[in-house]
Structure formats: C-alpha cells, structure tokens
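Remarks on the structure that follows.
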Protein chains: 2
Amino acid sequence: MAELRYDILSGTYTIIASERAKRPNDFRAAQQHEDPVPDRDPGCPFCEGNENETPPEVHALRDSGKPDTPGWRVRVVPNKFPALRPAETAEIDSGMADIEVVPEVDDSSMYWRMPAIGAHEVVVETTKHNGTLGTYTVEDMAAVLETLKQRYRVLGDDKHIVYVQIFRNWGPEGGASLLHPHFQIIGLPLLPPEVSTELSRFSEYESKTGRCLMCDYIERETEKDERVAFKNREFIVLCPFASRFSFETLIVPRKHSVTFSELDNDKAVQLAEIFTSLFRAYEKMFSSLSYNIVFHTLPPPKRSRKQPADHWHIHVYPRLNVEAGLEKGAAVWINPTPPELAAQQFGGKG
Amino acid sequence: MAELRYDILSGTYTIIASERAKRPNDFRAAQQHEDPVPDRDPGCPFCEGNENETPPEVHALRDSGKPDTPGWRVRVVPNKFPALRPAETAEIDSGMADIEVVPEVDDSSMYWRMPAIGAHEVVVETTKHNGTLGTYTVEDMAAVLETLKQRYRVLGDDKHIVYVQIFRNWGPEGGASLLHPHFQIIGLPLLPPEVSTELSRFSEYESKTGRCLMCDYIERETEKDERVAFKNREFIVLCPFASRFSFETLIVPRKHSVTFSELDNDKAVQLAEIFTSLFRAYEKMFSSLSYNIVFHTLPPPKRSRKQPADHWHIHVYPRLNVEAGLEKGAAVWINPTPPELAAQQFGGKG
C-alpha cells in the first residue's frame, strides 16, 4: 500500500508508491522510432474494444453500448496503477495521522506518514489513439471538460478527499506513460503545499486590498496587452509575467469565479474554444511538445468549512527547458523565452 | 540583460534570460549515439588547451603554467552564458527594486523585477573530458571541494550577493548542457524560496525544542539505521524518509555545522571520501544516471546580520522519475522507490 510521507525539512509531501514502477511505458519506443502514431493501437488499454484491460469505468459519455464495451466518446476509469487508493480499499494502519492535519514543525512530525488514500482516475478523452488537443472540435473538448467537472465534483464530495488535482501529462518530458490522450484526476487527503501557498497569497492580498488577486492581475494584463495570447468572452490566456517555462500559459476565467464547479454549459464551450485555439497554436509552433496542464481549483467547502479567497485557473507548463540545479536547489527558475515574446508568437501584441 | 522576476501567485522567482538559448548542447547527440566519451574532445571549451574558449579564469589549482593556459587541475571560469551577471557589468535600471527586499503580497509587487545581478561561475573539476565523480581519487575530489569552498567564500563576500547556490547538473535529464565534468556556482541577490522555507523550518524547530532540526534528524536516523547509505567519522549519507526521487540522498556533517565555510582540510578529505563512495555506488547501479547535486548553505553573515538557525547539507536528486502534473500542480511527489530499499541497495541495512 502506497504511503504519503511528509518531509520535515521542506514541508512537502511524497507518495512512496513502489507499485508505480510496474507501469507500462510506451513513450520511449514511440519517441526513438518516431513512427507516425496510428489512430488505433491493439495493445493500448485506452483504445475502443480494449475496455476489459482497464478497471471498470466509473463514468462515460456514450452514444451506445453497455458500460465497459465500445460506444463511448469519453470514458473515466480508475488508474490501474494508482498513486492513491479510495479509503474503502485501503488497509488503514492505526497510529497513522488523521487527515486534514497539517504536521507541526517539531520532533513529533519527523516521521509523519499516512496511507496514500484518495483517488486516482483517468479520463480517456477520445477513442482516437492519435488524438491531440489541437485537433479536437470545440464540441469534443467541451465534452471532456464537462466530464472533468463531473468527476471533480464527485471526488470533491468524498469525505476523505481535501483537494482534487486535475492534470494532463503529455509527451515523454511531461511524464506521460501512455500515448492515448487522457487527463488524470487525483484526490488528495490534504491541501498540497503549492495550492496552500497560492491560497495564502490570495487571502493576504484580499486582506490588504479588499480585492481578488487574480481579478486585479488579469485586469492589468488586459490593459497592458503585452502578454495576452488569446481571449474570448469568458476566458483569457496569458503568458505569465514571471513564466518559469518557455511558452508557459495561464488560462483564467475573466469574471470572478471561485471554483471550476461554477463552469456552466456556456462557459464550458467558451473554455473549450480557448483550449482548442491555444493547443492548435502550440502544435503549429512545435512538432512534438511535452507539457503538463494543471488545474488549480478548490472543491466546494465541506463540513461547514469556509471557502477561502480564490479564483480558479489552469497552468500550462511546456517542458522545453529542463529544470536543473538552480530550480531544484533554490526554487528559482531560468527561462530563456521572455513571456512578451511568447505572447507575440501566439499572435498577441507582445 | 537578464531579469529576475517575481511571481505574485506563488512567491517564486524566475530569471528571464533570453541569451541562455544560445548555449551549446552536446548531450542530445552524445546520448543518441551512445558513443564512448573520449578523455579529450578538441571541441570542448573545458578541455585542456582550449582555455581561450572560456572567459578568463578567476581561480585555478595549477601544477604549472600561467592563467588561461594548460597545467591546471581544477579551473574556475565565469559562465559564458550567465544566468546572472556581476553588478559592475550589469546596466542597472533605476526604478528597479533594491536587493534584499522581499516583495509584499499586494498590487505594488505584481510586476516586481530586478536586473539579474549576482554571479554565475563554472568549476571545471578535471582536465579529463570523461571524468566522473565515481572515478575520482579522494585527493581529486578534496581539491574540487576546497575550490568550491574558496569561490563560495569570495562570492558570499560580495555585497550584492545574498545567497550562493552550489550545484552540479549531470546527464540530459539533469539539465547538463556540456559533458565535461563541472560544478556551477550561482550568486543570487535574494534568499531563494526553497532555502527560505528550509530556514524558517530550522528556526521554528529550534524555537519549539531548543535544538537543531538536522542534528535531531540525523541522530534518529543513525539510531534507526534503516535509511543510512554511508557514513564515516564526519559525514552521513541518508536516503531521506520522504525522498522525492528514486535513490535520492542527503549528505550531512554529523557534528553541528552552520555553513560550508567551516569545512577544514580534514573534513574536506572526509567529505571527498563520502562523495567518491556514494558516486561509485551510483555508477555501479546505473550505467548512465542523470542527477542534480545541490548544496544548501548560507554564506557567513554580512553587515551585522544575525546567522539564522541552520545546519548545512547537500541534496542529491537522481532524475530517474519525471516530475509531472502532480509534482507541478500540487508540489506532491510520487516516488516508486522506498528509501529503505534504496539504502539497502547502497549497502546499508535498509
């Protein structure tokens, strides 16, 4: 059983998950040969017809067929090699820490650990093995986003889950182990440090200015118009002022919105339009780009917890530059591409 | 001129350094062909005889010869493509933030930036193009460590430099752009977030317990003896309890020591012995391992600043697992190798 461990030195967490070493990895081969990717791969567990190679689906958008048979457009299954498992299947050791406890910085928490309970799901976006975000129709993409929202809500309601991390790994440098296009959703039993840092900054900003940090930021960026890559009625795509990665982008709802849960049908279509424009541009600029997409959005509050100051958003981190000693040692990034230049390349004013 | 920018959302910093894109990169070729690496490469700027291809040396251990000619054993040169430049060569814009100012979380710091002043040096460890840490003699390695200490002291005395980051990038996944073995030293005009977080934890621990966090940690690890990879009289190598990376290690002085500056000749030999044992083991276990070595040590205080609670140490991060969406989005790592198992592989009890 995987274990969540706390690092007394940095206050960060690691999931020690020895079973993950068994995962398939077809990227190395795909990259070395640089063969064109076929639209169906008989050996791929996410391709249509291979539904019995994944754990049973927990959700699907279907045109036809019973669960775990062909006929779906988007399909959600538990990860076969989960980093975290649902509480009911986990053998919880007594003496492990309670959830929602932030470890103290003293000798009581030097070996703080807990079973890695939570959830780890895969959202298979399409039956097309060679699908890419840049080739989806707006309708395809809206269906993926609606599915993400649905699972995010279900997992967010789980009493063992404090935070739901939605992400997409793409390409070998992005850490993708399977080619077939998919998002992942991880339910964590704690508020992760990266999110906790952002939240405390939102709340500090609000208490000092009375306003939302993100609302102010996108207002000023819209005015300056130096780093805007795309925008439509509901969303804006920025190349962030202090971008860590070359061609990094940030997707933000233009009207104040606390959680992803607030995405209605109209906004899902607007976000889908932004996604397809952005990734069409990425795919035109780079023949094969590795990246990570990460959503930052708290689930709606449970157990009368107050919703903290927040404005949900999506980071896109292209993995063009390797993070090395300075990034690892100091958490200072070196980025050779000014975001103003990146915005220009996307067609913005720069 | 490169620029240091602050990210209002995360409180982290990025160096926007467009000149860095011009760096040579001979790793991709080396890896693809997997040719044996020769002991001298006529095209390598760090090989003996090519001294005129680097900026003039700032320090060298020499058996013979004048500066910038053959005859050296260890040679220090400014990085030809520096991420940060010394203050005297930087065109400092007025209106830029003062150094040693931590930006406020309010609208005044939304576009906080400063010229990327500091230093960026390369410590060429050996004339052997194909040298590796695991093949050095203890004497070779001690000479490298003494050189690092000397430059760390000189840069730490610079009034523009607040923190000196010593690191070594190795292999393509480690972000090394040149094969010839070298350490790098970056002088930063601010206390970086990763170090600042560690320091605040040392200080919180001390105020709660009256003791040093690292002294307590290595005492308990030595007692448990489950995660000890190596030790000698002065140093211990641990596989940290919450290791982020497979086969991650932490090198720590066993007696309380605040800064790397306190390394005397005897301790340099002890540390060299630990380094060569550890890297002989890494090189035996993995035919080609990418990694980052990062030193965490504050320079001795300047301008009557009080030295905060600290105990210097060295992190070794093998880059066997790719950091993906969960690491980037949440700062939660997934590590498939329990550190107890890693310690066993190094020959510890595990």
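The values are calculated or read from the model by the stated rules, or taken from the named source; none is laboratory data. Note that the structure is predicted; figures quoted are calculated from it, not measured. So basically every Cβ, Gly included, is an ideal-geometry build from the backbone, and we count neighbours across all protein chains shown.
Could you check, for the range A:124-138, whether at least one of its residues is without any contact (Cβ under 8 Å) to a residue 60 or more places away in the chain and among the acidic types (D, E)? For the range A:124-138, residues without any contact (Cβ under 8 Å) to a residue 60 or more places away in the chain and among the acidic types (D, E): present.
Could you please find all residues in the range B:48-64 being in a loop (DSSP other than H, G, I, E, B) and out of contact with any helix residue (DSSP H, G or I) (no Cβ under 9 Å at 6 or more places or on another chain)? It would help to see each step written out before you state the result.
Taking the range B:48-64 and keeping what is in a loop (DSSP other than H, G, I, E, B), we get B:48-50, B:54-58, B:63-64.
Answer for the range B:48-64, where residues must be in a loop (DSSP other than H, G, I, E, B) and out of contact with any helix residue (DSSP H, G or I) (no Cβ under 9 Å at 6 or more places or on another chain): B:E48, B:G49, B:N50, B:T54, B:P55, B:P56, B:D63, B:S64.
Evaluating A:I218 against the criteria (1) more than 8 Å from chain B (Cβ to nearest Cβ); (2) touching a residue at least 40 places away in the same chain (Cβ under 8 Å) leaves one unmet condition, (2). Mind listing just one residue for me: the one in the range B:94-134 that is in contact with a helix residue (DSSP H, G or I) (Cβ under 8 Å, 6 or more places away or on another chain) and assigned to a helix (DSSP H, G or I) and, of those, modelled with the lowest pLDDT? Among those that are in contact with a helix residue (DSSP H, G or I) (Cβ under 8 Å, 6 or more places away or on another chain) and assigned to a helix (DSSP H, G or I), it is B:D107. Looking across the range B:3-41 at every residue that is part of a helix (DSSP H, G or I) and either more than 24 Å from A:P338 (Cα to Cα) or more than 8 Å from chain A (Cβ to nearest Cβ) (or both), the one that is modelled with the highest pLDDT is identified as B:K22. For the range B:190-200, state whether one or more residues are modelled with pLDDT under 90, part of a loop (DSSP other than H, G, I, E, B) and out of contact with any helix residue (DSSP H, G or I) (no Cβ under 8 Å at 6 or more places or on another chain). Among the residues of the range B:190-200, at least one is modelled with pLDDT under 90, part of a loop (DSSP other than H, G, I, E, B) and out of contact with any helix residue (DSSP H, G or I) (no Cβ under 8 Å at 6 or more places or on another chain), which makes the answer yes. Tally time: how many residues in the range B:121-148 are charged (D, E, K, R), closer than 19 Å to B:F275 by Cα and in contact with a strand residue (DSSP E or B) (Cβ under 9 Å, 6 or more places away or on another chain)? Residues in the range B:121-148 being charged (D, E, K, R), closer than 19 Å to B:F275 by Cα and in contact with a strand residue (DSSP E or B) (Cβ under 9 Å, 6 or more places away or on another chain): 3 in total. As a summary of the residue check, B:V322 satisfies the conditions (1) within 23 Å of the chain's Cα centre (by Cα); (2) surrounded by 24 or more Cβ atoms within 10 Å (Cβ to Cβ) except for the one numbered (2).
Residues are listed down the side, and each one gets a yes or a no for (1) in contact (Cβ under 8 Å) with a residue 12 or more places away in the chain; (2) at positive phi; (3) exposed (fewer than 15 other Cβ atoms within 10 Å of the Cβ):
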| site | (1), (2), (3) |
| --- | --- |
| A:D35 | no, no, yes |
| A:C44 | yes, no, no |
| A:E57 | yes, no, no |
| A:G65 | no, yes, yes |
| A:D68 | yes, yes, no |
| A:V76 | yes, no, no |
| A:N79 | yes, no, no |
| A:E88 | no, no, yes |
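For B:Y205, are the conditions met, namely being within 8 Å of another protein chain (Cβ to nearest Cβ), crowded, with 18+ Cβ neighbours inside 10 Å and among the hydroxyl-bearing types (S, T, Y)? Here the answer is yes, as B:Y205 does meet what is asked. Of the residues making up the range A:292-323, those that are farther than 17 Å from A:E194 by Cβ and touching a Pro at 6+ places or on another chain (Cβ under 8 Å) number 3.
Condition check ((1) small (G, A, S); (2) touching a Ser or Thr at 6+ places or on another chain (Cβ under 7 Å)) across all residues:
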residue	(1), (2)
B:V154	no, no
B:V164	no, no
B:R168	no, no
B:A176	yes, no
B:H182	no, no
B:I185	no, no
B:E198	no, yes
B:T222	no, no
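Exactly one residue among A:E219, A:E146, A:E226 is of a type in the set (D, E) and within 28 Å of A:D41 (Cβ to Cβ), and that residue is A:E146. Entry remark, the range B:158-170: residues being modelled with pLDDT of 95 or more, more than 9 Å from every other protein chain (Cβ to nearest Cβ) and out of contact with any Pro (no Cβ under 6 Å at 6 or more places or on another chain) number 1 in total.
Quick grid of which residues meet (1) under 18 Å from A:L84 (Cβ atoms); (2) within 12 Å of the chain's Cα centre (by Cα):
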{"residue": "A:P172", "(1), (2)": "no, no"}
{"residue": "A:G187", "(1), (2)": "yes, yes"}
{"residue": "A:L191", "(1), (2)": "yes, no"}
{"residue": "A:S207", "(1), (2)": "no, no"}
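Of the strands (runs of 3 or more DSSP E) that lie entirely inside the range A:236-350, those containing 1 or more residues that are outside the structural domain of A:V162 (by TED's automatic domain parsing) and at pLDDT below 95 span A:332-335. When A:Q184, A:Q150 are screened for being surrounded by fewer than 17 Cβ atoms within 10 Å (Cβ to Cβ) and at pLDDT 95 or above, only A:Q150 passes. Of all residues in the range B:309-340, those that are facing another protein chain (nearest Cβ under 7 Å) and basic (K, R) total 1.
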